[in-house]
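To keep things clear, I will list the structure first and then write my remarks on it.
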Amino acid sequence: MDWGIYVTASLVGLVLGSFLNVVIHRGPVRWGLIDPSERPGGLARPRSHCPACKTPIPVAHLIPLIGFALAKGRCHACGDRISWRYPIVELLGALAVAGAVVVFGPTVEAGLAAIYLLTLIALAGIDFETGFLPDALTITLIVGGLAVNTVDIFAPAPDAVIGALAGYAIFVAVELAYRQIRGRDGLGRGDAKLLSAIGAWLGWTYLPMVVLIGSLATLAIVGIKSVSQKVSYKDVAIPFGPGLAAAGFLLLLVPVGF
């Protein structure tokens, strides 16, 4: 077993996870999902700074994981707390790339799997913070899944096509039924596109497990937040996207053998 490959993959994943934090923080503005005044700047500029006081972050504090530890979780200038999302996403990035290499070896398939997993991380982070799933990522992921599976890399091509269509149709049907019964919106079309993307990558046979695991993950988050915030679970609003993304992430790395 060549541990050097896995260590290198983990380090690459940490760096890519750091970039994902930029996408999660600044992407919603670029894609018109939130008010630009909330998070000014593009993906590349200005340089990384404290969201509270706008002071540029020292280079040493930009090193994945190490920077968060050096800063002790706070801005060096104003002392404002830095979100735990940053180290968590960096760790997930490392897990995505290293996990892809463990499952598929140092191959093209591993690189494609890593792209899929990293995109899911970005989508989960954006949805958790803003309640939106950007088309720029979900539709790209759908097209990417259908493209790679034209040669049956992760699923047979017919299964991928059915997965993309069924994933979208299932959630649209649930959305319309919920609106009819409750008189208000529940799930959004972003959730339908995300499930469609996962179906395009994994195939239609995985969709029931994705929905089950996604639902359980979402319920767990709701329970934890309701207890920690000492409020009724009915008052906790949690988007479904992170749960679906977690399911799609897990099932690529730990296939259940359908």
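Note that region 78-83 has calculated 3J(HN,Hα) couplings of 10, x, 5, 5, 8, 4 Hz, one per residue in order, obtained from phi through the Karplus relation 6.51 cos²θ - 1.76 cosθ + 1.60 (θ = phi - 60°); glycine and proline are x. Amide hydrogen proximity for His49: with H placed 1.01 Å from N in the peptide plane, the residues at 5 or more positions away or on another chain lying under 5 Å are Ile57. Shown is the FRET efficiency for Val103 and Val143, computed with R0 = 22 Å from the Cβ-Cβ distance and rounded to the nearest 0.05: 0.45. Residue ranges 53-66, 11-24 sort as 11-24, 53-66 when ordered by packing (mean number of other C-beta atoms within 10 Å per residue, highest first). Our analysis of region 64-172 gives Rg over Rh at 1.09, with the two radii drawn from alpha carbon positions and Rh computed by the Kirkwood formula. Taking θ as phi - 60° and the Karplus parameters 6.51, -1.76 and 1.60, the scalar couplings of region 131-144 work out to x, 10, 10, x, 4, 4, 9, 5, 5, 4, 5, 4, 4, x Hz in sequence order, x denoting glycine and proline. Amide H to amide H distances under 5 Å link Arg74 with Ile82, where only residues 5 or more positions off or on other chains count and H is placed in the peptide plane.
Any read-out appearing in this document is the output of simple, stated calculations on the displayed coordinates, not a laboratory observation. Please read these numbers as outputs of a predicted model, since none were measured by experiment. Here the Cβ is made from the backbone with ideal geometry for all residues, glycine too, and neighbour counts use every protein chain on show.
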